[in-house]
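The values are calculated or read from the model by the stated rules, or taken from the named source; none is laboratory data. Given the structure is predicted, the values throughout are model-derived calculations rather than measurements. As a convention, Cβ positions derive from the backbone with ideal geometry for all residues, glycine included, and neighbour counts pool all protein chains shown. SASA here: full protein model, heavy atoms, side chains in, ligands and nucleic acids out. Shrake-Rupley method; radii C 1.70, N 1.55, O 1.52, S 1.80 Å.
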Amino acid sequence: MRPPLPADMFDELCPSSLNPIRFGDKWAALVIRCLEHGPRRFSELRVPLHRVTPKVLTRSLRSLERDGLIRRTVQPPQVEYELTPVGRSLLEPIAVACAWTERHWDALLDARESYDAARPDRAGGTTEGRVVSQAAGPRA
């Protein structure tokens, strides 16, 4: 039996929320990271990706499958998703992008806050990350 994915794997302060480098859609890199250690069922992916609606997660999975990055295997009564070799090749660039985002976390947040403050039409813009102490740091 494989260990479960941690529920806080991608909390609201995950660097992906600030990462300007996108791999597919907004959630694709997170899905790829969830599949790093082997196949997972949809319900398993929902644990760390709890901020993603089932509809959006399904759309992201289909897009990744269409692009040849993941494989969907039906073994009644369950369906599993796993990385293809091409999908696995994205793990390193995703890790580099996450490390870059973590190094530039404060500058990215400052830029977003400045931009949102200067634009009244952007009221309610996010400043993800400011509620956590610097000791905790961002999550990858």
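Where residues in the range 26-42 are free of Cβ contacts under 8 Å to residues at least 40 places away in the same chain and out of contact with any strand residue (DSSP E or B) (no Cβ under 9 Å at 6 or more places or on another chain), which of them is least open to solvent (accessible area, probe 1.4 Å)?
Ranking the candidates gives 30 first.
If you check every pair at least six apart or on different chains, which have Cβ atoms under 9 Å apart with a residue in the range 86-103 that is of a type in the set (D, E, K, R) first and a residue that is surrounded by 12 or more Cβ atoms within 10 Å (Cβ to Cβ) and in a helix (DSSP H, G or I) second?
As it stands, the answer is 88/32; 102/15, since those pairs meet every condition given.
If I go through the range 67-80 residue by residue, how many of them are at pLDDT below 95, among the acidic types (Asp, Glu) and in contact with a strand residue (DSSP E or B) (Cβ under 7 Å, 6 or more places away or on another chain)?
Qualifying residue count for the region: 0.
Counting only residues that are at pLDDT 90 or above and hydroxyl-bearing (Ser, Thr, Tyr), which one in the range 81-140 is most open to solvent (accessible area, probe 1.4 Å)?
It comes out as 115.
Take residue 22 and tell me if it is open to solvent by 60 Å² or more (accessible area, probe 1.4 Å), within 16 Å of residue 82 (Cβ to Cβ) and at pLDDT below 95.
No, not satisfied.
Need pairs with beta-carbon distance below 8 Å; first residue of a type outside the set (Asp, Glu) and within the range 67-78, second in a loop (DSSP other than H, G, I, E, B); sequence gap 6+ or separate chains.
Here the result reads 68/84; 69/24; 69/84; 69/90; 70/35; 70/84; 71/84; 73/39, each pair linking the range 67-78 to a residue that is in a loop (DSSP other than H, G, I, E, B).
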